[in-house]
Every structure is written in C-alpha cells, then in structure tokens.
Amino acid sequence: MLKRAISYLCDRKGLAAVEFALIAPVMALMFFGAVELSSALDCKSRVARVSSTVADLVAQSTAVSTADTTNIFNAANAILYPYAASNAKIVVTSLVADSNGTVTVGWSDAQNTSTRTSPPASIPTGILPASSSVIYAEVTYSFTPAISYFLGTVDLTDSFYSKPRRSVKVTHS
C-alpha cells in the first residue's frame, strides 16, 4: 500500500492537465475582460465624439429648427453605430448669459430624454461671459457589456460647450 501511494506522488503524467484546469478559468476571465474593456472604451470614445459633434454642428448655424436638430441627432446615432442609438440620451441646449451674467436656457432639444429647463449646476469659468451664449451638448449612454453578469449597465457620459460661430446666439424655430 505504501509503495502504491509513493508511486502516485511521483507520477507526473496528469500534471499538465491539472495545471491547465487551474489556469484556464483565469485566462478565460482575463480574455473576456479585455474584450469587454476595449468595447467599453470604444463606446466611451464614441460618446465623447457625439457630444462634441452635436455641439459643433449646432454652433455652426445662426438658427436651427426641430427638423435640423433631428437630423443632427441622426448623425450622432450614426457615430454611435454599432452601439444601439436607443441607449443614447442626447440633449443640446443654448445657454444665454444676460448683461449681468445671469445664465438662462434659451432653448433645448433632446433625444430619448427630456429637454433641459435650467442651466447646469456648474459652468466652467470663462466659457460664458456676460452678454453671450454657448451651445451645450450632453450625452449619456447606458452601456451594457455582452457579459453583463459581473458589471451590469454602466452609464457613460460626456458634455461639450461650443461658442456660436456666425452669430452671438443660435436661435431655435
């Protein structure tokens, strides 16, 4: 009996299979984690691109209509592709400062969410001086990884300010 126990301890035939069984789950987890992380980073990059593009397209106009902002939102959805546009909440707002520096919302349009009725809580200094305006775009994307067991849904957000280029403020009709 002792001879048999010693022979089992010295036998190395199944060692590679045991090592593989211990390492394989960790390697699979690392692989799928890397895939999900790269997908999330790609989506975050697209969200940032959407916020800057929406603000820039509106800031190039002197006036926009609801049809114009719908077209801009369609362009934003094309930037987000292959990610679902239904998960994107996009708001574009004209923030106007009067001669005293009081900031109000001139107009606001939104996709998949409600429009903005009040200015953001904090506006970076120097962005909106008195008697001027700025276009403010904000995007929130609910990213759900393919393997959502561990992460669940992650909200990716970005905002962008853009000065109107051809007028003091962009009007909405």
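Name the residue from 66, 23, 39 whose Cα lies farthest towards the positive end of the charge dipole of the range 1-94, charges +1 on Cβ of Lys and Arg and -1 on Cβ of Asp and Glu.
Checked the options; the winner is 23.
Which whole-Hz couplings ³J(HN,Hα) result when phi for each residue of the range 28-34 is put into the Karplus expression 6.51 cos²θ - 1.76 cosθ + 1.60, θ = phi - 60°, listed in order with x for Gly and Pro?
Calculated HN-Hα couplings, in order: 5, 4, 5, 5, 5, x, 5 Hz.
For the range 82-169, would you read off the P(r) tail past 18 Å as a percentage of all alpha carbon pairs?
Numbers: 1915 of 3828 pairs.
Cα-Cα pairs in the range 82-169 separated by more than 18 Å: 50 percent.
Please state the equivalent ellipsoid semi-axes for the range 14-172: what are the square roots of 5 times the Cα gyration tensor eigenvalues, largest first, in whole Å? Working shown, then result.
Numbers: eigenvalues 367, 48, 28 Å².
Square roots of five times the eigenvalues give 43, 15, 12 Å.
List, in order, the whole-Hz ³J(HN,Hα) value for each residue of the range 63-73 obtained from phi through the Karplus relation with A = 6.51, B = -1.76, C = 1.60 and θ = phi - 60°; use x for Gly and Pro.
Along the range 63-73, the couplings run 8, 10, 10, 4, 5, 5, 5, 4, 5, 5, 5 Hz.
Counting Lys and Arg as +1 and Asp and Glu as -1, each charge on the Cβ, what is the dipole of the range 14-172 about the Cα centre in debye, to the nearest 20? Numbers along the way, then the final one.
Numbers: 9 positive and 10 negative charges, 96 e Å.
That gives the range 14-172 a dipole magnitude of about 460 debye.
Could you identify which residue out of 18, 103, 91 has the top mean-square fluctuation in a GNM of the chain using Cα springs shorter than 10 Å?
18
Between residue 64 and residues 5 or more places away or on another chain, which pairs have amide H atoms under 5 Å apart, with H built 1.01 Å from N, and which residues are they?
So residue 64 has HN proximity to 171, 172, 173.
Grab the DSSP H runs of the chain that are 4 residues or longer, score each as -39,500 (n - 2.57), total them, divide by all residues and round the 222 nm result to the nearest 500 deg cm²/dmol.
-14500 deg cm²/dmol, from helical runs alone.
Please list, or write none, the aspartates and glutamates whose alpha carbon is within less than 13 Å of the alpha carbon of residue 89, excluding same-chain residues fewer than 8 places away.
Hits, sequence-local ones excluded: 109, 138, 155, 158.
Given H placed on each backbone N at 1.01 Å, which residues far from residue 107 in sequence or on other chains put an amide H within less than 5 Å of it?
Amide H to amide H, under 5 Å and 5 or more residues apart or across chains, residue 107 pairs with 94.
Using the beta-carbon distance between residue 171 and residue 86 and R0 = 22 Å, what value does 1/(1 + (r/R0)^6) give for FRET efficiency, to the nearest 0.05?
Working: r = 30 Å, r/R0 = 1.35.
Computed FRET efficiency for residue 171 and residue 86 comes out at 0.15.
We did not get these values from a lab; they are worked out from the coordinates using the rules stated. If you're wondering where the values come from, they're calculated on a predicted model, not measured in any experiment. Every residue, glycine among them, receives a Cβ derived from its backbone with ideal geometry; neighbour counts consider all protein chains shown.
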